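Notes follow once the structure below has been shown.
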Ligand code: UD1
Ligand code: MG
């Protein structure tokens, strides 16, 4: 059965108090909308339709960057969840498969739960995703008739007896497209909110003898985000799960709650992560690496046996080969560090290639930017770059070459050569002692004068 996802994302999100549309607020560096889309993607949908309203332009732009097959439709006025789904009607004209309604602000529904909804659709025309709520609050209540779902009543419209029900509506729904759109056309707005409720589909479906059923999931999967505080809670939940998964896969997190992971972080077995490490988006670490405290990484790849930090910053395009060493206060950007090379202290390496087993001395800087353009630095295998070397790019330093400390390299250095580019040194015998005596005498005279 082919599937169309309809993801509702038009709501204002007033309580976020933000210029950014709610669904674009990030959890683990990915917009919450992307988390919902990722769960849906597991069903291999033929179509993905996002219903945008508030901040629709920003949503459209973000969606284009996330999934080029997804389509964005506009809900100009937010007249309710049924009205929102109805905005996908034209786009899905003639679509004969199933529609699955997701919420852009409910990021944690699992692929497995969605698959169970799809399975249940084989036995019923309409499937509602419900959950047993610890605190049912203002959720819509599932009114059951034995095993089958009779109707959903919104909190505002519910009687005392109905409010006592703890089975709640997650808002997610699966149904045959033609049934869903036929029934939506019949939904009215005579209720406490004056909105077109998607939940009314249940009762309408029963009147027409369609089969309606509910599938249940863990409450944590239905967690919605309405405020910054809930965003932080959602992020914390994501982090807790992601850390647990990594540990399950054989990664050591010395103090798990201090490691921040991105939605796409990949870490191999027997890698050890010290406390207080941040993984930005796009980081992959192979097995047996060591990431030491206070390191910050994004868009980089760290190979087997490499060591990073403490206090290292790896920026996009940093590619560390096996057994490399990146030490404290080192920044690497768009550079390949070949096997066994070391950049141990206080360096900036940008737009560079550092050859196998090369040693980069403390304070080395690749001067890669001339104010307008970026330039490359090439450092050969087993080169020894002396401390405080400035490599003014574009420049190449050959293999097994050396640079003397403090050298400003502006010309290429051939393989095996030594470059020295600094002011020559002269020593003046006894001058230091003489100078000190003079200065101390001056200080004494000044002190007397002020008394
Ligand atoms: C909805 C359900 C309720 C359920 C709850 C779960 C209805 C009538 N009620 O209530 O049974 O327990 O979700 O969280 O469906 N949206 C639009 N356009 C609109 C209205 C809403 O895109 O015109 C989007 C919102 O951005 C949000 C989602 O639909 O992502 C749900 O809307 P919301 O207003 O939060 O519905 P609830 O009142 O919470
Ligand atoms: Mg809500």
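At a Förster distance of 30 Å, what's the computed FRET efficiency of residue 439 paired with residue 345, Cβ-Cβ distance as r, to 0.05? Could you put the intermediate results ahead of the total?
Numbers: r = 34 Å, r/R0 = 1.12.
The pair residue 439/residue 345 has a calculated efficiency of 0.35.
Hey, what number do you get for the chain at 222 nm if only DSSP H runs of n ≥ 4 count, each worth -39500 (n - 2.57), divided across all residues, to the nearest 500?
On the way: 9 runs with 98 residues, N = 451.
-6500 deg cm²/dmol, from helical runs alone.
Expressed as a rounded percentage, what relative contact order does the range 249-419 have, with Cα pairs under 8 Å and six or more residues apart? Intermediate results must be reported in sequence, preceding the final value.
Numbers: 606 pairs, mean separation 18.2, N = 171.
For the range 249-419, the relative contact order is 11 percent.
The convex hull built on the alpha-carbon positions of the range 158-293 has an orientation-averaged projected area of 12.4 nm². Label reach from residue 412 (point 7 Å along Cα→C-beta): in the range 352-387, amide nitrogens under 14 Å belong to 376-380. The simple Förster model, with R0 at 41 Å and r as the Cβ-Cβ distance, assigns residue 138 and residue 252 a FRET efficiency of 0.45.
Annotation for residue 46 and residue 372: the two label points, set 7 Å from Cα along the Cα-Cβ direction, are 5.5 nm apart.
Distances between every pair of Cα atoms in the range 3-222, grouped in 10 Å steps from 0 to the bin holding the largest one, split as 8, 35, 40, 15, 1 percent. Ordering 82-89, 50-57 by mean Cβ neighbour count within 10 Å, with the highest value first, yields 82-89, 50-57. Projected label points at residue 233 and residue 182, each 7 Å from Cα along the beta carbon direction, are separated by 4.1 nanometres.
Within the chain, the proportion of Cα pairs with more than 41 Å between them is 40 percent. Relative to the dominant Cα principal axis of the chain, helix 431-450 is inclined by about 70°. Angle check, please: helix 111-120 long axis (alpha carbons) against the longest principal axis of the chain (alpha carbons), in degrees 0 to 90, nearest 10. It works out to around 20 degrees.
Apply the a/c threshold of 1.5 to the C-alpha gyration tensor of the range 349-389 and tell me whether it is rounded, prolate or oblate.
On the way: a/c = 3.59, a/b = 1.60, b/c = 2.24.
Since a/c reaches 1.5 but b/c is at least a/b, the shape of the range 349-389 is classed as oblate.
Taking the DSSP bridge list for the chain and keeping only pairs wholly inside it, about 20 percent are antiparallel. Shown here is the pair-distance distribution of the range 128-189: with all Cα-Cα distances grouped in 10 Å bins from zero up to the longest one, the shares run 21, 48, 28, 3 percent.
Using R0 = 51 Å, the C-beta based FRET efficiency linking residue 264 and residue 422 works out to 0.70.
Computed over the range 249-419, the alpha-carbon pair-distance distribution with 10 angstrom bins reads 12, 42, 29, 14, 3, each value a whole percent. Taken along the Cα-to-beta-carbon direction at a fixed 7 Å, the label points for residue 164 and residue 287 span 5.8 nm. Here the range 209-247 and the range 267-328 have alpha carbon centers that stand 29 Å from each other.
Find how much the distance from residue 329 to residue 90 grows on full extension, using 0.36 nm per residue of separation minus their present alpha carbon separation; answer in nm with one decimal. Could you put the intermediate results ahead of the total?
Numbers: separation 239, 0.36 × 239 = 86.04 nm, distance 5.57 nm.
Difference between extended and current length: 80.5 nm.
When the alpha carbon coordinates of the range 213-306 are projected onto the principal axes, the ranges are 51, 29, 23 Å, largest first.
Alpha-carbon geometry of the range 52-127: the Rg and the Dmax are 14.0, 39 Å, given in that order. Potential lengthening of the chain between residue 19 and residue 110 amounts to 29.9 nm, from the contour at 0.36 nm per residue minus the alpha-carbon distance.
Bear in mind these aren't lab numbers, they're just calculated from the coordinates by the rules spelled out. Bear in mind that the values here come from a model prediction, so they are computed numbers and not experimental data. Quick reminder, even Gly has a Cβ in these numbers, built from the backbone with ideal geometry, and neighbours come from all protein chains shown.
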